[in-house]
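Here's the structure we're looking at; comments come further down.
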Amino acid sequence: STCKATKLPIRVDKNHPRCTKVSTSSVHHRASSAKPKGHVYDVAVMFRHSNPKPICQSSLPFHRVLSDPPPPHGTQQRFYKNTLSVVSLVSSLKLWPLETPLSKVSGFLSVIGHMGEVEIDDYCLFADDQWFKSDMSQTGNIRHVDALCSVAEIEEIDFSKLLDRPSFLNMERKRSFDERSLSELSVALSPRHSSRNADYSSRFFDHPEYVFSPSRTSFIGTPRSLTGFEPHPMVAEAWETLRRSLVFFRGQPVGTIAATDTSEEKLNYDQVFVRDFVPSGLAFLMNGEPEIVKNFILKTLRLQSWEKKIDRFHLGEGVMPASFKVLHDPVRNSETLIADFGESAIGRVAPVDSGFWWIILLRAYTKSTGDSSLAELPECQKGMRLILSLCLSEGFDTFPTLLCADGCCMIDRRMGVYGYPIEIQALFFMALRCALLLLKQDDEGKEFVERIVKRLHALSYHMRSYFWLDFKQLNDIYRYKTEEYSHTAVNKFNVIPDSLPDWVFDFMPTRGGYFIGNISPARMDFRWFCLGNCMAILSSLATPEQSVAIMDLIESRWEELAGEMPLKVCYPAIESHEWRIVTGCDPKNTRWSYHNGGSWPVLLWLLTAACIKTGRPQIARRAIELAESRLLKDNWPEYYDGKLGRYVGKQARKFQTWSVAGYLVAKMMLEDPSHLGMIALEEDRQMKPVMKRSNSWTC
């Protein structure tokens, strides 16, 4: 047949696994058969791609696409700008309750146009033996088609008018569907008869890096959606609080301060922290305000080039600041940026993670806007190379992981994370992968690309082999022999089995696992660290199987890790004599407080992203509902104390910006999972090592 709108031939290979359709006879057969107690809707969709970049068809796993010619078996289908395709009927899209209005189904279908790089121009519904067609030239409502149409008649619908007018269901969507539909997406939209991707049918995105995140306007101040569901009242308050935290430099917003709490001494909470701004930047990107992020990236890049000196020691050229502030001079009527590279920080801790977060945010900006011109600026290219030079330089290291001092990341106080902390390794891995996508293939860039690829292979193998802990590995370590010599040693780090803490045996579920906090000679830190494990999922440092295991552990140990306020920054807390030795009797890091087992709402966005990537949105929804019960009422605290996270932290700042931003990002991602593409990368198949775990059984 031929599409009337474009005269493009459409050929259907009914035997091709990626190109199936429902025949007219099957439609009549279903109409005449006994019906369940509900409405069964089928859909035919016409769409065109709005982005010139090719995308994988697997990012739209619920479509069956008719193409000419069909792709070779086993290959991924790709589309390009101005390609017009017709989606065939998807069998049994969803069984809806009898009282479900057709308008809700229409709103539900609008989601399809925002899960990938497509604009839906038109669609038809088959419901209760009759066809309904969208009337998008007027109001976008569903109108009744007089009689039951055949599949052939549907194929002959004249879509020519669609090419001359804007699409109703376009990429400027304000809101999406009821959150409760998220957990049903995979069942409702995945092809039931496809066995090739059966193992991954419960995921929203098989390939998030191919999903375009169009910087849409948020639902704030916009009309009700087709589904009629209103945003949570906290959302408007959160946006107001976030905007109050904006910092301006010479008339332009350049970041957000750490907290707007006026009841406490400012200390350095009136500064723009690089790591703290990341969730704020993501919120603005998702809300269609990329200029703030662009300004932040360029201003911090300028600060990187400054001379960095602590006492008489010059820091590395690539070091990014931990924070900066805008100094106003009322006499001269001027503004100056002042950066802190650790010389003013409490404990003089080094901001190792700042450079990694900067690269990750640059990639998020590029992915969100579709604009690579910022990343391609010579200054940005040089900035990335300087950061990477610090990490990839040769030294005395025997491992591909980064050796760090205590307090080098979000946990910026003495907490026993010196050595090779999981948070830094996961951020390092993510930054390397982002840089690999952003670096230009010129003479200088090509050299770094080669070094990055080598390091990624070594780092992924090391982390997946030695940092990973599950029930079997724990049992193996429990039975380790010690004092083994040569390359045949099983207990490579000479870990003493008697050093295993008692709590880990009860904490480890039969199904589940996680990346431990640290590993070095004769030392394994078995504590759970949330940020490192969530980032391992998002960066695909964790294999798909390991990602599932991490989510299994979170579900199994929900009371311990989430309690009444998600989410524990680490678990468990250290106390008594160990607390005195490890923290130096730190009064801020007492047990179940601050970094020592405190609950941090900012981690909501990382958990939500990990949940969506692994197809577990119900976990994120549960966490967000917990947070919504307290956060606004408690004035957005920095952290909560207690084993269950029940109490506002004893030294927690109120109106903490990243608590606000973390909630907004989590909420927007749950509403529109395509935003995941900004901050998630799929596994590089070439990097995947063969996992061989040695046994250490003593016979």
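The values are calculated or read from the model by the stated rules, or taken from the named source; none is laboratory data. Everything quoted here is computed from the prediction, not taken from an experiment. Please note: Cβ atoms are built from the backbone with ideal geometry, for glycine as well, and neighbour counts cover all protein chains shown.
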*State whether the residues of region 618-625 include one that is of a type in the set (S, T, N, Q), within 22 Å of HIS232 (Cβ to Cβ), touching a residue at least 12 places away in the same chain (Cβ under 8 Å) and in contact with a helix residue (DSSP H, G or I) (Cβ under 8 Å, 6 or more places away or on another chain).*
yes
*asked:* If I ask for residues that are closer than 24 Å to LEU553 by Cα and either hydroxyl-bearing (Ser, Thr, Tyr) or not in a helix (DSSP H, G or I) (or both), which ones from region 441-479 would you list?
replied: SER460, TYR461, SER465, TYR466, TRP468, LEU469, ASP470, TYR478, ARG479
*Failed condition for PHE428, given (1) modelled with pLDDT under 95; (2) assigned by TED's automatic domain parsing to the domain that holds ILE359, with all others met?*
(1)
*What is the one condition in (1) of a type in the set (D, E, K, R); (2) surrounded by 14 or more Cβ atoms within 10 Å (Cβ to Cβ); (3) over 25 Å from GLU545 (Cα atoms) that ASP476 does not satisfy?*
(3)
*Assess whether LEU437 counts as being surrounded by fewer than 16 Cβ atoms within 10 Å (Cβ to Cβ) and assigned to a helix (DSSP H, G or I).*
yes
*Which of the residues spanning region 318-342 are among the charged types (D, E, K, R) and over 24 Å from LYS382 (Cα atoms)?*
ASP329, ARG332, GLU335
*asked:* If I go through region 557-598 residue by residue, how many of them are over 29 Å from the mean Cα position of the chain (by Cα), of a type in the set (Asp, Glu) and under 18 Å from LYS650 (Cα atoms)?
replied: 2
*Among the residues of region 648-666, is there at least one that is among the basic types (Lys, Arg), more than 25 Å from the chain's Cα centre (by Cα) and either at pLDDT below 95 or within 17 Å of SER245 (Cβ to Cβ) (or both)?*
yes
*If the Cβ limit is 8 Å and pairs must be 6+ apart or interchain, which residue in region 352-373 that is outside the structural domain of SER323 (by TED's automatic domain parsing) pairs with which residue that is crowded, with 24+ Cβ neighbours inside 10 Å and at pLDDT below 95?*
none
*Among the helices (runs of 4 or more DSSP H) lying completely within region 516-624, list those that include at least 3 residues that are surrounded by 20 or more Cβ atoms within 10 Å (Cβ to Cβ) and modelled with pLDDT of 95 or more.*
530-539, 544-556, 604-613
_Any residue that is touching an Asp or Glu at 6+ places or on another chain (Cβ under 6 Å), under 24 Å from MET678 (Cα atoms), part of a helix (DSSP H, G or I) and in the same structural domain as ILE550 (by TED's automatic domain parsing) - is there at least one of those in region 644-658?_
yes
*Considering (1) under 29 Å from ALA610 (Cβ atoms); (2) at pLDDT 95 or above; (3) loosely packed, with under 14 Cβ neighbours inside 10 Å, say which one GLU230 fails and leave the rest.*
(2)
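For (1) surrounded by fewer than 23 Cβ atoms within 10 Å (Cβ to Cβ); (2) free of Cβ contacts under 8 Å to residues at least 40 places away in the same chain, each residue gets a yes or a no:
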{"residue": "GLY642", "(1), (2)": "yes, no"}
{"residue": "VAL648", "(1), (2)": "yes, yes"}
{"residue": "PHE655", "(1), (2)": "yes, no"}
{"residue": "TRP658", "(1), (2)": "no, no"}
{"residue": "ALA661", "(1), (2)": "no, no"}
{"residue": "SER674", "(1), (2)": "no, no"}
*Among (1) closer than 30 Å to ILE292 by Cα; (2) in contact with a Ser or Thr (Cβ under 9 Å, 6 or more places away or on another chain), which single condition is GLY416 missing?*
(1)
*Is it true that some residue in region 335-343 is modelled with pLDDT of 90 or more and among the small types (Gly, Ala, Ser)?*
yes
*Residue by residue through region 512-554, note down the ones that are under 17 Å from the mean Cα position of the chain (by Cα) and among the aliphatic types (A, V, I, L, M).*
LEU531, MET535, ALA536, ILE537, LEU538, LEU541, ALA542, VAL548, ILE550, MET551, ILE554
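One line per residue, one yes/no per condition, for (1) in contact with a strand residue (DSSP E or B) (Cβ under 7 Å, 6 or more places away or on another chain); (2) not polar (S, T, N, Q):
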| site | (1), (2) |
| --- | --- |
| HIS314 | no, yes |
| MET320 | no, yes |
| PHE324 | yes, yes |
| ASP340 | yes, yes |
| ILE346 | no, yes |
| LEU362 | no, yes |
| GLU379 | no, yes |
| MET384 | no, yes |
| SER393 | no, no |
*Quick one: how many residues across region 513-547 are without any contact (Cβ under 8 Å) to a residue 60 or more places away in the chain and within 21 Å of ALA573 (Cα to Cα)?*
6
*May I ask you to say which residue of GLY395, GLY383, GLY416, GLY407 is assigned to a loop (DSSP other than H, G, I, E, B) and assigned by TED's automatic domain parsing to the domain that holds ASP276?*
GLY395
*For region 233-352, which helices (runs of 4 or more DSSP H) that fit wholly inside it have 1 or more residues that are within 28 Å of ASP586 (Cβ to Cβ)?*
274-286
